[in-house]
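First the structure, in the form of structure tokens, and then the observations on it.
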Amino acid sequence: MKSRGDEEEYWNTSKFKAFTFDDDDDELKESKEAVKSLPQLSDQDDGDLVEKVSWSGEPVGSISWSVRETAAAAGGGTDGEPAFPSRIPADAPNVAKVNSGYSLSSLFKGRKAANVAAFADASGDPLGRILAPEIPKPKSEKQDLIGDWSPQDTVKRMQQGKAVSLERFRCLQDKMRLLDWSVGTHDGNVITAVLISLKKSLSKEVLIGELASRQTALRHFLNYLSESGDEALLGDIYSALGRTEDAALLQYKRHLSIADEEKRRDFLKGCLSLQFSAEDQSQVRDQLSLLERQMVIEAADRQAERGGKVEIFQRFPRRASIPHMPLITTLYYCCFYHYDQPEGSFSSPLNVRQSFKISEKQFFVTALSARAKQKSWSDVDALFTSRSWLGFTRKKSPLAFQKVVDILHRNAAPVRVLQDYVGLVDDAEARMALAHQHKCHDLVINTYRDSKDRRLLLGYRGKVEAGSAAERKIDELLNDSQIRWKN
């Protein structure tokens, strides 16, 4: 083990020294001097990639930096330290920026008013307006636009949501390769984007010729034109491809925008010469016939309504004119206002039914709703009356009686009318549920009497009004000794 004298001799003669807090570190000083003597990194870098900035965040050499240095010198600032005003004027304008030399960092840190005013004077903008700096797009995004991508790579980048330029594909072969690759992705957005570009850059004849052999792209393009309302180009494509029925239907749909009755009638007459299918041709003819019938009925009813001599128009004033209405609405109108017209009349419901081949069930439901709305219960009852070949009458309906009850109830039919049709419901449980719902007391009481269920009859007595005819009838049945109740 070394003695104390040996240790002192070691520290006094060695180049290594013990650490103390009071002594200055010579090696630290040497390191600082070495760092200061190193050349600036910016001198070694490309000037386009690295921008020299001052301590305030401004590019060295820019206009704003020069103005700031000038203001610092005028304000007595020392070298290497920015000069700051001792007080910010209350009326000082906000930050002004015109040239791109204004750094983004200084915009968000906030500029002092004195420097801002000096910069506004130097830039020639007396108002000192705040103008946001132009932020250049990332080089990767610029590369997407100017990169020499193949059609396949371009489509992949479109699927990834990256910006691409389709205008660089100038020859027809590249354009079609681009379209084929987009179809192969099964991505409707990509396909439509490519088709929109082709629509702008190709002539109509060339585009139609190329799409004729690409059915998937053609369907997308036709759907795009239909959604965008480009009916002119859509019609040209139909005609060029020989799709005459589609072209005829496209022209036929234009009649929907014609409000005038006579103009629409004339347009429909012209549509009869179009090359429709046999079924569509028949429907167009029926629509024209219906419109002409509506015009005749409307003219006669308008005159009768103005004359004030027809009772039905006084009791139930018309709310709208009949032209352009659907067929079933027209039938309802005729059942409501012209139910008793002879069959040879244009306004007769039977004539409408026969002319347009309306089914029995559809006619029945429409007539039932119209006559129930008018509270003509005798006409309602006549709809159900059917005679057998032996001369017997019975109620028959092409519609389930449960739905008949619903229609009558919606039109506020009285209980005496509802009760007759509730009793015709086949299902016993449904019949009793409807009887309870619509308060058909006689039907419920008679059912409990026939089943000899005293307990249910006694319970139902508490649901009827006190002193009513239904209560008296229940009491009579409960006191009848000839009925053998089962409970």
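Annotations for the structure displayed:
- Selection count where residues are β-branched (Val, Ile, Thr) and part of a helix (DSSP H, G or I), scope the range 299-321: 1
- Per-region count, the range 322-357, residues aromatic (Phe, Trp, Tyr) and in a helix (DSSP H, G or I): 4
- The residues of the range 295-333 that are over 35 Å from the mean Cα position of the chain (by Cα) and of a type in the set (D, E, K, R), listed by number, are Glu298, Asp301, Arg302, Glu305, Arg306, Lys309, Glu311, Arg315, Arg318.
- Scanning the range 194-226 for residues being crowded, with 17+ Cβ neighbours inside 10 Å and under 23 Å from the mean Cα position of the chain (by Cα) gives a total of 5.
- Helices (runs of 4 or more DSSP H) fully within the range 387-487 that include at least 3 residues being in contact with a Lys or Arg (Cβ under 7 Å, 6 or more places away or on another chain): 469-478.
- Hits in the range 253-269 - residues which are in contact with a helix residue (DSSP H, G or I) (Cβ under 8 Å, 6 or more places away or on another chain) and of a type outside the set (D, E, K, R): His255, Ile258, Phe267, Leu268
- Residue list for the range 305-320, filter: closer than 22 Å to Arg265 by Cβ and surrounded by fewer than 15 Cβ atoms within 10 Å (Cβ to Cβ): Ala320
- The residues listed here are Leu408, Leu383; of these, the one that is under 28 Å from Phe313 (Cα atoms) and modelled with pLDDT of 95 or more is Leu408.
- Residue match in the range 267-284 (condition: in contact with a Phe, Trp or Tyr (Cβ under 8 Å, 6 or more places away or on another chain), assigned to a helix (DSSP H, G or I), touching a residue at least 60 places away in the same chain (Cβ under 8 Å) and buried (at least 16 other Cβ atoms within 10 Å of the Cβ)): no
- Yes/no for Ile407 being surrounded by 17 or more Cβ atoms within 10 Å (Cβ to Cβ) and in contact with a Ser or Thr (Cβ under 8 Å, 6 or more places away or on another chain): yes
- Selection of the range 174-192 for residues being surrounded by fewer than 17 Cβ atoms within 10 Å (Cβ to Cβ), in contact (Cβ under 8 Å) with a residue 24 or more places away in the chain and touching a helix residue (DSSP H, G or I) at 6+ places or on another chain (Cβ under 7 Å) yields Thr185, Asp187, Gly188.
- Close Cβ contacts (under 6 Å, 6 or more residues apart or on different chains) running from residues in the range 402-415 that are under 15 Å from Asp381 (Cα atoms) to residues that are among the aliphatic types (A, V, I, L, M) and buried (at least 17 other Cβ atoms within 10 Å of the Cβ) comprise Val405/Val422; Val405/Leu434; Ile407/Leu368; Leu408/Ala372; Leu408/Leu418; Asn411/Ala372.
- Selected residue (only one of Asp180, Asp187, Asp153 is acidic (Asp, Glu), farther than 29 Å from Tyr252 by Cβ and at pLDDT below 90): Asp153
- Unmet criterion (only one of (1) assigned to a helix (DSSP H, G or I); (2) in contact with a helix residue (DSSP H, G or I) (Cβ under 7 Å, 6 or more places away or on another chain); (3) of a type in the set (A, V, I, L, M)) for Ala382: (2)
- Test: residue in the range 470-480 that is of a type in the set (A, V, I, L, M, F, W, C), within 30 Å of Arg371 (Cβ to Cβ) and more than 51 Å from the chain's Cα centre (by Cα): yes
- Just one of the numbered conditions (1) more than 30 Å from Asp427 (Cβ to Cβ); (2) in contact (Cβ under 8 Å) with a residue 40 or more places away in the chain; (3) of a type in the set (Ser, Thr, Tyr) is not true of Ser345: (2).
The values are calculated or read from the model by the stated rules, or taken from the named source; none is laboratory data. In this text, all values refer to a predicted model and were calculated from it rather than measured experimentally. Using ideal geometry, Cβ is built from the backbone for each residue, glycine included, and neighbour counts are taken over all protein chains shown.
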